Amino acid sequence: MKRALLRHLLIITCFIASPLFATGSVERRMAIEVGSSAIKYAIADVNSNTDTILEIKDQDSIAFRLHDNVLNNDRRIIDKAALGAMSDIFLRLKDKASYYHTAHIKVVATEAIRIASNKVEVQSALQGKTGLVIQILTQDDEDQMDYFTALRASKKPGNPVVWDIGNNSYQLIADDPAAETLAYKGDTGSRSFFRYLLEVVQGKDFQKDDNLHPLTGDQFEEGIRFAHHLAEKVPKLVRSQITRNKGEVVAIGSLFQYSLLEAVKTEPEQLLITQHEVKQFIDRSLNREQTEQHPLDKEQQLNRLGYHQHRGFSHLTLSNAVLVYGFMQELGILSLEVADRTSTDSILEFSPFWQ
């Protein structure tokens, strides 16, 4: 019952919280998100009556592979080096907040910290060193945030179906007032599907060769069959909602916004990706020897404020496209409406965080 009430509250909020009503009190907020591969932040002036962003003052993403740090040890802990680096980043972000005279700061953490066995100790240590309180989101919290993002971003009326693909999992979210669960989560994501193509389909050693190119037509077909197999597990509820929405899904997250959108579309402001366009990109990319050189000093710069990882590496983007195309075929997804919003935008406007 609580889930249903919160869902309806979010829907109502999205309809009434429009810039047209942004005439109330202005509040300067800072949102910090500790994600799997980056720490993102945004500082903005927000209408505190409608929780609507009025103006972004500063925002950026700091590459930080926390998820890998947790998974690469048997104890599933965040080690001292990673904790120290996080503390340094938080202190620099606090300086930014002071520079912009930011009164309110919200810090949230997602899966990378949630799965860590020492997450309570990490929370306590970071609060002690920086004074910042971290809220670790549950999976349900993330589902609500993703759906909220889609409601704010979608240009179409009705209840959208939301699709988000992370490093090692994906989520398809559909509104179901009669159900206790809102989202279906699969245990394969961008990186894990890439490793499947590399190790199973191509027979390569990931530790020695992480370059997918050239991907042959036969290897593409094998990858598509695996993507179909994954998509077959998606519940009928989600499939039927996709059909009711005439095959359109709202796509959120960096895989769609940066990797796929930039590869498929010639104009960045075009935010609709069709199934046909994804297939065209794959056809152009098959059997090609195409790589991008990684800078030698990348590892030394990863935690530097303002440093960006290269986005859209040709081999990973091709793998992402194969995964997405297979799902679109199997689920009848004809087009993807890519949400032109960051996760920090949603944190800044998510009323439960600021009440």
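The values are calculated or read from the model by the stated rules, or taken from the named source; none is laboratory data. No experiment lies behind these values; they were computed from the predicted model shown. Positions of Cβ are generated from backbone atoms using ideal geometry, with glycine treated the same way; all protein chains shown enter the neighbour counts. With ligands, DNA and RNA removed, areas are computed over all heavy atoms of the protein, side chains included. Shrake-Rupley method; radii C 1.70, N 1.55, O 1.52, S 1.80 Å.
This table checks each residue for (1) open to solvent by 50 Å² or more (accessible area, probe 1.4 Å); (2) over 30 Å from Ser192 (Cβ atoms).
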residue	(1), (2)
Arg65	yes, no
Asn69	no, no
Asp79	yes, no
Leu93	no, yes
Ala112	no, no
Val120	yes, no
Ser124	yes, yes
Gly128	yes, yes
Leu132	no, yes
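Within region 219-246, restricting attention to residues that are of a type in the set (Gly, Ala, Ser) and surrounded by 16 or more Cβ atoms within 10 Å (Cβ to Cβ), which residue is nearest to Ile173 (Cα to Cα)? Here the answer is Ala231. Restricting the first member to region 25-39 and to residues that are at pLDDT 90 or above, and the second to residues that are hydroxyl-bearing (Ser, Thr, Tyr), the beta-carbon pairs closer than 6 Å and six or more apart or on different chains are Glu27/Ser48; Arg28/Thr102; Met30/Thr102; Ala31/Thr344; Ile32/Tyr41; Glu33/Ser343; Glu33/Thr344.
All of Leu66, Leu71, Leu83, Leu91 fail the test of being over 23 Å from the mean Cα position of the chain (by Cα) and of a type in the set (A, V, I, L, M, F, W, C), apart from Leu91. For Met86, only one of the following conditions fails: (1) touching a helix residue (DSSP H, G or I) at 6+ places or on another chain (Cβ under 6 Å); (2) modelled with pLDDT of 85 or more; (3) surrounded by 18 or more Cβ atoms within 10 Å (Cβ to Cβ). What is its number? The one condition Met86 does not meet is (1).
Which residue out of Val201, Val264 is out of contact with any Gly (no Cβ under 8 Å at 6 or more places or on another chain), open to solvent by 10 Å² or more (accessible area, probe 1.4 Å) and either under 19 Å from Gly326 (Cβ atoms) or not aromatic (Phe, Trp, Tyr) (or both)?
Details: Val201 fails: out of contact with any Gly (no Cβ under 8 Å at 6 or more places or on another chain).
That would be Val264, the only listed residue that is out of contact with any Gly (no Cβ under 8 Å at 6 or more places or on another chain), open to solvent by 10 Å² or more (accessible area, probe 1.4 Å) and either under 19 Å from Gly326 (Cβ atoms) or not aromatic (Phe, Trp, Tyr) (or both).
Considering region 339-355, the residues that are over 16 Å from Tyr147 (Cβ atoms) and hydrophobic (A, V, I, L, M, F, W, C) include one that is most open to solvent (accessible area, probe 1.4 Å), namely Trp354.
Can you name the strands (runs of 3 or more DSSP E) wholly within region 123-175 that have at least 1 residues being closer than 13 Å to Val250 by Cβ and of a type in the set (D, E, K, R)?
On the way: elements: 134-136, 162-165, 170-173.
Answer list for region 123-175: 162-165.
Consider Gln171 carefully, then state whether it is open to solvent by 10 Å² or more (accessible area, probe 1.4 Å), in contact (Cβ under 8 Å) with a residue 12 or more places away in the chain and over 29 Å from Leu271 (Cα atoms). Criteria not met by Gln171.
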